[in-house]
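Input: a single structure, listed below in structure tokens.
We did not get these values from a lab; they are worked out from the coordinates using the rules stated. Values in this document were obtained by computation on a predicted structure and should not be read as measured data. For neighbour counting, all protein chains shown are included, and Cβ atoms are generated from backbone atoms with ideal geometry for every residue, glycine included.
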Amino acid sequence: MSTTTLLTPIPLTDAELKLLQTLVYQECGMFFDERRIHFLRDRVQRRLKACQIDSFYGYYRLLTSREGKSELIALLENLTVNETSFFRAKPQLELFQKTILEEILQRKQARRDWSLRVWSAGCSTGQEPYSLAMLICDALAYYYLRNPLPIEMPSPKPMVPPPWKVEVLASDMSYSGLVTAQQGLYNEAHMEPVDYTCRLRYFDRLAEKYVVKPALKSLVQFDFHNLKADFLPRRNDIIFCRNVMIYFDEPEQKRLIEKFYHCLNPEGYLFVGHAESLFGLSNKFRMVHLNNATTYQRIEVAG
Ligand SMILES: C[S@@+](CC[C@H](N)C(=O)[O-])C[C@H]1O[C@@H](n2cnc3c(N)ncnc32)[C@H](O)[C@@H]1O
């Protein structure tokens, strides 16, 4: 390795980029087409510099070796877009809270099934799963303001009324995102979409920041899952996978939607991002569109 070459970017040929494009696609489903290939080139240059490697093939050998697993993870992390926020896409979350949750709570209560499991797939730094947990707690509180609780409410009032068991599974393939999410510590800029009643109910103040209250945090379980994997968490009532599939190509989107179908309980719902849709990708879901928001419900096949 020479130090002079480390100062200038190592030129990558089209063939070398193609090799990386294929490797990244195989590992995580992200597809860098013509429009985004410059981003892949830029991020690989950065990793080469960080690893102080001055040949593409040296780097490629590392990525595909057993010892190179952590570098492969670092490269993939550098390629992902982590943009997120609390209560992102409000009309969709309103549809989730006011219509879908209400329907699921009624349906489950009727058969005395007190479990609710919602999965945030591609949770980034945690704002999405914590938003979902807050919306669920509020929805349950409001539901039992109008309906009798099946057992007596303990004192002090817990966030989730018994006998309900709420689980929000939050997964990502970015370890750094998961660490931040697990900490649940957010600054004023992050908190901008969170109104003061929510801040009071679900956050504590810590110096200049806000930290998620332990009772809310205990409802969220963080885990590493690469959505490219064949086996993904099952028995979910609702899956949120928003702003993740846009980075996949069509065959990979179709495969993922098929996996989500099997990861949902009967009549479960899939929420995708505002700019995403299941149109032309699956005929196993029916579209529910209400008040400018969309979700997809699993269609049950007879027999
Ligand atoms: C733009 S963020 C979306 C965060 C959140 N869902 C939202 O809509 O605000 C995309 C996230 O998807 C994750 N991601 C991308 N490909 C993935 C994969 N194959 N498996 C798991 N997570 C993935 C990224 O690490 C990133 O945190």
Please sort by residue number the GluC sites (Glu not before Pro) in region 71-147 whose DSSP state is loop and whose Cβ has at most 12 other Cβ atoms within 10 Å.
-> GLU83
Between ASP195 and GLU67, the FRET efficiency computed from the C-beta separation at R0 = 35 Å comes out, to the nearest 0.05, as 0.10
How about region 161-208: which GluC sites (Glu not before Pro) there lie in a loop by DSSP and see at most 16 other Cβ atoms within 10 Å?
-> GLU208
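Quick check: from the Cα gyration tensor, does the chain come out rounded (a/c under 1.5), prolate or oblate?
Judged from the Cα gyration tensor, the chain comes out prolate (a/c at least 1.5, a/b above b/c).
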Going by C-beta contacts inside 10 Å, put ASP172, ASP237 in order with the fewest on the left.
-> ASP237, ASP172
Pairs of Cα atoms under 8 Å, at least six residues apart: use those to get the relative contact order of region 90-298, whole percent.
-> 23
Do any trypsin sites (Lys or Arg not before Pro) in region 1-74 lie in a DSSP loop with no more than 14 other beta carbon atoms within 10 Å, and if so, which?
-> ARG35, ARG36, ARG66
Roughly what % of DSSP beta bridges within the chain run antiparallel, to the nearest 5?
-> 45
Taking only C-alpha pairs under 8 Å that are 6+ residues apart, what is the relative contact order of region 3-79 in percent?
-> 35
For region 224-273, alpha-carbon Rg relative to the globular expectation (2.2 N^0.38 Å, N residues) = 1.06
Lys/Arg Cβ at +1, Asp/Glu Cβ at -1, dipole of region 74-207 taken about the Cα centre: which of SER115, HIS190, THR125 is farthest positive-ward?
-> SER115
The size of the Cβ-based charge dipole (Lys, Arg +1; Asp, Glu -1) of region 146-301 about the Cα centre, to the nearest 20 debye, is 400
Residue order, fewest to most surrounding Cβ atoms within 10 angstrom, among SER131, SER282, SER115 | SER115, SER282, SER131
Over the chain: helical MRE at 222 nm, DSSP H runs n ≥ 4 each giving -39500 (n - 2.57), nearest 500 | -12000 deg cm²/dmol
If every Lys and Arg gets +1 and every Asp and Glu gets -1 at its Cβ, then about the Cα centre the chain yields a dipole, in debye to the nearest 20, of 620
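Within 10 Å of each residue's Cβ, count the other Cβ atoms and sort ILE246, ILE10 from fewest upward. Walk me through the numbers before you get to the answer.
Working: ILE246 13, ILE10 17.
Fewest-to-most ranking of ILE246, ILE10: ILE246, ILE10.
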Each label point is 7 Å from the Cα along the Cα-to-Cβ direction; what then is the distance between the points at ARG36 and GLN183, in nm?
-> 2.7
Of all DSSP beta bridges in region 143-280, antiparallel share, percent nearest 5 | 40
